[in-house]
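This report concerns only the one structure given below.
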Amino acid sequence: MQQTSLINYQGQNVVVVGGTSGINLCIAIEFAKAGANVAVASRSQDKVDAAVAQLKQAHPEGLHFGVSFDVRDLAAVEQGFDNIAKAFGLIDVLVSGAAGNFPATAAKLSANGFKSVMDIDLLGSFQVLKTAYPLMRRPQGNIIQISAPQASIAMPMQAHVCAAKAGVDMLTRTLAIEWGCEGIRINSIVPGPISDTEGFNRLAPSEALQQQVANSVPLKRNGVGQDIANAALFLGSQYASYITGVVLPVDGGWSLGGASAAMTTLSDIAQKTGH
Ligand code: COA
Ligand code: NAP
């Protein structure tokens, strides 16, 4: 195989939870192109099968693998990781990125709607990390959580996501302390608005709105999956061996001010038009 990445993951085992579409699938494919064996997991078996086919195309010599589970179901997560461990052995890099999002004002959001996002993003992440922890290679195994700007920037129509992703980043910081003595690193990546993704399409559901968001980014463009994958390849590697507990925005500078204003505008438009 001709390796296309600057960082070599040949022979390393990478697991991407929520790795069957969008940003996380892009991350999974870039790890495969860098030589890794990659396992992906999400709820839909069809999406898992399609993602594994793409991984095989990206790195035909790799051992790629898929399991389906819902991160809210601890027994299913444990079974899934058991299968991954049997196929792979120890995990070098775990990416935890399963998430759910929809725009809704707090006044119109049911308690169950709030709970469903908390259960996927926060409890689900905890269940994934806790289950994977004994399977991480020591001392250099490491974990990358996929967070969101909502973790630190208040955004209208996103109370559920803001609360859940803030918890995700605090898990990153807390576990960096608890697991650091075993050599296990854990960091969060905070993607900005990323084109051609379910998450961004749900919040800015037209080309005009997405262009409006791009204008609010200091680098004057929305991101692409490759931007996030590049950061993941760096954080997962030995080049980042002294970096843990970090929450890293990869957002063209959006979190410096544009994010809050842009989301308030989108919220105003959504409430006027119902979109
Ligand atoms: N506005 C308000 N409430 C909503 C909603 C919306 N657009 N979509 C779902 N909900 C509420 C439901 O009404 C329900 O609450 P209720 O029982 O009080 O009516 C609750 O959320 C759970 O909905 P349900 O469809 O049963 O959840 P699910 O577990 O099947 O799916 C979601 C979880 C809702 C997060 C779904 O959007 C999902 O699967 N998302 C994954 C993909 C995604 O969001 N990608 C972007 C990642 S950033
Ligand atoms: P996406 O394509 O919908 O990706 C979400 C992934 O998680 C899918 O593989 C989905 O597959 C899986 N998933 C969802 N619920 C799950 C559950 N309960 N159990 C197991 N897997 C589940 O969305 P995306 O927009 O690329 O977002 C990916 C990540 O980036 C998320 O963590 C999101 O918060 C973050 N992010 C995105 C943006 C953006 O602009 N898109 C910005 C900031 C942060 P199944 O449906 O098969 O379960």
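Per residue of the range 119-126, in order, report the coupling 6.51 cos²θ - 1.76 cosθ + 1.60 (Karplus, θ = phi - 60°) as ³J(HN,Hα) in whole Hz, putting x for Gly and Pro.
Ordered by residue, 3J(HN,Hα) equals 5, 6, 6, 9, 4, x, 4, 4 Hz.
Taking the highest mean first, how do the peptides 27-34, 115-122 order by number of other beta carbon atoms within 10 angstrom per residue?
Ranking the peptides 27-34, 115-122 by packing returns 27-34, 115-122.
Quick check on packing: order 247-254, 90-97, 103-110, 159-166 by the mean number of other C-beta atoms within 10 Å, highest mean leading.
90-97, 159-166, 247-254, 103-110
Kindly express, to the nearest 10 degrees and within the range 0 to 90, the angle between helix 74-88's C-alpha long axis and the longest C-alpha principal axis of the chain.
That helix lies at roughly 40 degrees to the long axis.
Helix 159-180 versus the longest principal axis of the chain: what angle, 0 to 90°, nearest 10, using Cα atoms?
Orientation of helix 159-180: about 30 degrees from the principal axis.
Give me the distance between the Cα centres of the range 139-170 and the range 240-266, rounded to whole Å.
Each part reduced to its Cα centre gives a spacing of 11 Å.
Have a look at Phe69, Phe234, Phe88 and tell me which one the Gaussian network model of the chain (Cα, springs below 10 Å) gives the largest fluctuation.
Phe234
Compute the distribution of all C-alpha to C-alpha distances in the range 13-273, in bins of 10 Å from 0, and list the percent of pairs in each, rounded to whole numbers.
Final binned percentages: 8, 32, 37, 19, 4, 0.
Take a quick pass over the range 13-273 and tell me how many lysine pairs come in under 18 angstrom between Cα atoms, counting only ones 8 or more apart or on separate chains.
Lysine pairs satisfying the spacing and distance rule in the range 13-273 number 6.
Could you give the angle, 0 to 90 degrees to the nearest 10, between helix 258-273's Cα long axis and the longest principal axis of the Cα atoms of the chain?
Between the helix axis and the principal axis of the chain, the angle is about 60 degrees.
Where a number appears in this text, it was derived from the coordinates with a stated rule and is not lab data. Quick caveat: nothing in here was measured; it's all calculated off a predicted structure. Cβ coordinates were reconstructed from backbone atoms using ideal geometry, including for glycine residues, and neighbour counts include every protein chain displayed.
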